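A short worksheet on the structure shown next.
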Amino acid sequence: MPRPRHRTITFSIDGREVQAPENMMLVDAAKLGDVEIPVFCYEPKLGQPVGACRMCLVEVEGIPKLQTGCSTPVKDGMVVHTQTERVREAQAAVVEFLLVNHPLDCPVCDKGGECPLQDISFGWGGGRSRFIEPKRHFQKPLELSPLIAIDRERCILCYRCVRYSQEVAEDYQLVLQERGAATYVATFDGHPYVAPFSGNIIELCPVGALTSRPYRFRARPWDIESAGSLCTLCPAQCNVYFTVRDDRVMRVLARDHEGVDDGWLCDKGRFAYQAIHVDERVTQPMVRDGGELRPVSWERAIAEAAAGLGRARGSVGAIAGGETTNEEGFLLQRIMREALNSPHVDCQRTPASADAHRALGAPALQASVPDLEFAHAVLVLDCEPVDDMPIIDLRIRKGVRRHRVRLAVATSRPSSLDANAEAFVRFAPGQGAAFAETLAGALAGEPFEGRASAAGADARAVRALADMLRDAGEDIVIVYGERALTGAHALIKLADGFGLRDRPGAGLLHVPAGTNGRGLREVGVLPDAGPGLAPAAANGMTAAEMAGGDLTALWLLHVDPLRDAPDHAAWERALDRATTVVAHAAFLTEGIREHATVVFPAESHAEKEGTVTHPDGRVQRLRPAIGHQGETRFEWQVLADVSRRLGLDLGVHTAGMVFAQLTEAVPFYAGLTLDGLGGRGVRWHEAAGASSFPRPQRAPEAEPPHPAPHADGALRLGTFRSIWAGPEVEVSPALQFLAPRQRVEMSPEDARRLGVDEGDRVRVGANGTRVSATVALRSGTPPGSVFLQEALGGADSANLLSGPTVRVEKV
C-alpha cells in the first residue's frame, strides 16, 4: 500500500487553533499545539488505539459525553477542551482508581524518577487518597523471563506488553490471565517469555511492573547520564541511548528512528552491553612471547606489529570484520595498498566482483527500510531477517499486518516469516543465486523449468511466486542476503523486469553478513576496488582466496576466520603458515588465542568514534558514550600509529580528519559532514554526490546452472548464523542462556528414514570430519537437506565441515 496522503485540517484545542493531518489521533495532534493529554495505554507503535485506561478523556463540542483522546481522530473545525471541570474531575478519578491498589514502591522502584504514572499523578491526580484499606500484595518479583522481572501488584492493566507480543513481535506468548480484579499478565503456557524482541516490553511499560533484571537496582535516574549512539552488533544499526553511570554502561534503551529501527531493539542489542565490562574482555595490547600471549606496552605492540607486517611487505592479507567503521576500513586499505604494497584486502564473506557491487549499489535501485512497510509486495530472498538483520523482521510484519503488503519468501531454510507470507518457495542450500536466475526467467516468460530443477526448487511453486509478484503492484522491494550476491545478473534482471529503477518506494535492499558490510565496500575494502568502488590499481585476493593462498602475514580487524569464515580447515592452514598475525579483538576467540602474534584491544560500540553505513545507504555517526576501558585506544589511532612505523604518515590526528579524507576519496559521499549527519544520519543517495556513483565496467553475467549436489544416502548441507551467535552473547551474564548449541535441522521425512527423533544426539560428517548436534525437526525443511549453525565457539561449528553434502549418524 502506498504511503497514505493526509489533508491538513484546522481544529481548536483549549482556545488555540492547530493545524494537523486529518484523522491523526487527538492525543498526537494536541502536541502540535503544545497541549499534553495524559495517556497510559496509548502507544502509536502498537497500532490502533484500544482506549483501555480512560486517562485521556477530553470534551469535544457537539458530543455530550467525554471522549478518549487516543481513539478520536481530528476533523476540520473540531473544538476540543482539556481543562474543563468535567475533564479534570474525570482524569483525577482515573488516577485515583489506578492508585487504589498500586503499591507505594516509588523509593525502591526502578521506574521511580522516570515513571509516567508518577508524572501523571502529580500533574492530573487529586493530590490525596480517600482509601485507607490495605492494598493487594503478590509475590514479587516474579521472573517473567531470565531477562525480565514482573511486579504484578504494580501493573495497571494497560495492555501494552500483551499487545506488543501479539501485534508487533507476533510471538503470541503474553496474555492476560483471569478476569476482572484478578487479571494479571503471564505467558500463555506458563513458560518463560523468551523471544528475540522480548526486552521491548520493559520500555513500553508505563509503570514499574516490568523491569530489566540486569539493570534492577543498579542506578537511579539522578545518578545516570544518557548518551546517544548506535548498536553495531548486527547490520540493523539501531539507534540507542546508553545509560551510563561511573563510566560504565548500565543499560541500553531505544532511540526512536523511524527510518532505521522504528523505536524497537532486539534482545542482543538491549542486553549484550554487559560484554563491555566482563573480565574476559581484552583491554590491553598483547604479544606472543614463549608461545603465550602476554600483556605488553602499546609501544612494543605497535613496534612488533609494524616489524612483522613490514617484513612481509607485498605478501600481507587483511580482512575487515563487520564491526569495522568506515574510518577504520578506509585507513586499513590505505596502509595495505600504499605502505605494504599488498592489494589483498577484503571484507566479504561471499566473494563478489566490484562490478556486481557497482550494479547492485546504483542509487536508482536502492530501497529504504520504511519502504518495507508501504510497498505493494516484499520478496525475501536467501536470508532470514530475524537472524541476519532482526529489526526488519518487525518492519516486514508491520507492513503485512497494517498495510496489506503482500509477502513472498524464497529461502533454502524455513523462515520465521513463512506464516505471514502469501507465497513461499524452498530451494537447495547454496542455490540462492541460481534460484534468482530461475525466478527472473519465469517473470520474463523464458523457459525456467530446467533451472528450477537444478536449483532444487519446484517449478510450479516458482511459477506461482512469479504470478503473485507480477500481480502485486508496482512498488516491490527485494530483500536479499549476502549469499545471493553472486546472482547479481538475476537481481538486476528482476529489478528491471519490475521497473524498480528510479522508482521511489521500491528497489533492492541488501542484508550484508557484517554490520558495516556496505560501508566497507564503499570505502575500498575490496580486492578489486578502491574507495568509491573505483577500479583498483592491482587486483588482490578475496578472503576465500587468502585462505588457500601463500601469504606471509595476516591482518585481522574485528574478525576471527576460524569462527566467522567458511572452510575452517583452510583457514587453520593459512594461519599456521603466516609468520605474523595481527588481530584487533575484544575477546580471545579460538583463532586469535592460538594464532595471533600481536593482539590490539578492540573498542566496544559504546566507546567507538566514527561512522558506519546502513544497508539502505544511510551514513550514521557513532559517538563515544563511555571512556575507553583499560588501556584500549581509538582503533583509527592505532592504525595511524602502525602506518607511521611503516613509513606512511596518514596525516590524521582526529576521527573527523579521517572522515574528511574519506569523503574526499569517495565521490558519492561528497558533501557529507559530521555535523550534517547529526543524530539521524543521511542517506548518501539523497546527498549532492550521489550522481557520481560509478557504473559497472562490465554488466554482470548470468550464472551458469550448477545442479544442486545430491548423493545416495547423503544430505545437502546448509548453514546459518543465529542472532545469538557471537562472543558478546557467550560472555554476557544475562544472555548466556541464549548462547546457541549446535543443532541439526531436518525434515520429519528424513528423520524417519534415518531413525532419529527430536532431541536425539547425532554426528554430522563430511570428508572425515564430524560435528555433534542435537536433532531439531522442522516441517518446512525441504527433504534431502539439513542445516547447521555457523560461528559457534568450540568444536561443533558448521564451518568445520567442507563439501556440499553430509551424512548423519545417530550416536
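Of all residues in the stretch 659-685, which are of a type in the set (D, E) and more than 27 Å from the chain's Cα centre (by Cα)?
Passing the criteria: only E664.
Does D467 meet the test of being free of Cβ contacts under 8 Å to residues at least 12 places away in the same chain and either more than 15 Å from D382 (Cα to Cα) or open to solvent by less than 10 Å² (accessible area, probe 1.4 Å) (or both)?
yes
Residue under question is V682, and the condition is that it be open to solvent by less than 70 Å² (accessible area, probe 1.4 Å) and within 30 Å of P363 (Cα to Cα); does it hold?
Yes: the conditions hold for V682.
Could you please find all residues in the stretch 111-126 being open to solvent by 80 Å² or more (accessible area, probe 1.4 Å) and either of a type in the set (S, T, N, Q) or farther than 25 Å from T243 by Cα (or both)?
Correct list: F122 only.
Filter the stretch 315-329 for residues that are touching a Leu at 6+ places or on another chain (Cβ under 7 Å) and open to solvent by 10 Å² or more (accessible area, probe 1.4 Å); which is nearest to G610 (Cα to Cα)?
Restricting to residues being touching a Leu at 6+ places or on another chain (Cβ under 7 Å) and open to solvent by 10 Å² or more (accessible area, probe 1.4 Å), the top hit is I319.
If you go through the stretch 211-231 one residue at a time, do you hit one that is buried (at least 23 other Cβ atoms within 10 Å of the Cβ), part of a loop (DSSP other than H, G, I, E, B), modelled with pLDDT of 95 or more and in contact with a helix residue (DSSP H, G or I) (Cβ under 9 Å, 6 or more places away or on another chain)?
yes
Within the stretch 303-310, identify whether any single residue is modelled with pLDDT of 95 or more, in contact with an Asp or Glu (Cβ under 8 Å, 6 or more places away or on another chain) and either more than 23 Å from A543 (Cα to Cα) or in a loop (DSSP other than H, G, I, E, B) (or both), and answer yes or no.
Checking the stretch 303-310: not a single residue is modelled with pLDDT of 95 or more, in contact with an Asp or Glu (Cβ under 8 Å, 6 or more places away or on another chain) and either more than 23 Å from A543 (Cα to Cα) or in a loop (DSSP other than H, G, I, E, B) (or both).
Would you confirm whether or not the stretch 187-199 contains a residue that is surrounded by fewer than 20 Cβ atoms within 10 Å (Cβ to Cβ), small (G, A, S) and modelled with pLDDT under 95?
Checked against the condition, which is being surrounded by fewer than 20 Cβ atoms within 10 Å (Cβ to Cβ), small (G, A, S) and modelled with pLDDT under 95, the stretch 187-199 yields at least one hit.
Out of the stretch 458-472, which residues are among the small types (G, A, S) and touching a helix residue (DSSP H, G or I) at 6+ places or on another chain (Cβ under 6 Å)?
A459, A466
Can you list residue pairs whose Cβ atoms sit under 7 Å apart, with the first residue in the stretch 748-759 being under 17 Å from V806 (Cα atoms) and the second being modelled with pLDDT of 95 or more and β-branched (V, I, T)? Count only pairs 6 or more apart in sequence or on different chains.
Between residues of the stretch 748-759 that are under 17 Å from V806 (Cα atoms) and residues that are modelled with pLDDT of 95 or more and β-branched (V, I, T), the close pairs are A751/V775; V756/V762; V756/V775.
Can you tell which of A725, A702, A688 is open to solvent by 40 Å² or more (accessible area, probe 1.4 Å) and either at pLDDT 95 or above or under 29 Å from the mean Cα position of the chain (by Cα) (or both)?
A688
Could you tell me which residue of the stretch 583-614 is surrounded by the most Cβ atoms within 10 Å (Cβ to Cβ), considering only residues that are among the β-branched types (V, I, T) and either under 30 Å from C238 (Cα atoms) or without any contact (Cβ under 8 Å) to a residue 12 or more places away in the chain (or both)?
Only one residue fits best here, namely V612.
Tally the residues that are assigned to a loop (DSSP other than H, G, I, E, B) and loosely packed, with under 14 Cβ neighbours inside 10 Å, restricting the search to the stretch 4-22.
5
Is it fair to say E522 is touching a residue at least 24 places away in the same chain (Cβ under 8 Å) and either in contact with a Ser or Thr (Cβ under 7 Å, 6 or more places away or on another chain) or crowded, with 24+ Cβ neighbours inside 10 Å (or both)?
Judged against the criteria, E522 is a match.
Residues checked against (1) hydroxyl-bearing (S, T, Y); (2) under 30 Å from P527 (Cα atoms):
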{"residue": "R358", "(1), (2)": "no, yes"}
{"residue": "P363", "(1), (2)": "no, yes"}
{"residue": "D371", "(1), (2)": "no, no"}
{"residue": "E384", "(1), (2)": "no, yes"}
{"residue": "V409", "(1), (2)": "no, no"}
{"residue": "S415", "(1), (2)": "yes, no"}
{"residue": "F424", "(1), (2)": "no, no"}
{"residue": "A434", "(1), (2)": "no, yes"}
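May I ask you to list the residues in the stretch 133-191 that are farther than 22 Å from L417 by Cα and among the small types (G, A, S)?
S145, A149, G180, A181, A182, A186, G190
Within the group G759, G780, which residue is at positive phi, more than 22 Å from the chain's Cα centre (by Cα) and either outside any strand (DSSP E or B) or β-branched (V, I, T) (or both)?
G759
Looking at the stretch 470-496, which of the residues that are in contact (Cβ under 8 Å) with a residue 40 or more places away in the chain and open to solvent by 70 Å² or more (accessible area, probe 1.4 Å) is farthest from F720 (Cα to Cα)?
Result: E474.
I need the full set of residues from the stretch 232-259 which are in a strand (DSSP E or B) and among the β-branched types (V, I, T), in order please.
Residues satisfying the conditions are V240, T243, V244, V249, V252.
Checking the condition touching a strand residue (DSSP E or B) at 6+ places or on another chain (Cβ under 8 Å) and either open to solvent by less than 10 Å² (accessible area, probe 1.4 Å) or at pLDDT 95 or above (or both), which residue from A534, A569, A553 passes?
One residue alone meets the criteria, A553.
The values are calculated or read from the model by the stated rules, or taken from the named source; none is laboratory data. Here the structure is a predicted model, which is why all the values come from computation and not from measurement. A quick note on method: Cβ atoms are made from the backbone with ideal geometry, for glycine too, and the neighbour counts reach across all protein chains shown. Surface accessibility is based on the protein's heavy atoms, side chains included, excluding ligands, DNA and RNA. Shrake-Rupley method; radii C 1.70, N 1.55, O 1.52, S 1.80 Å.
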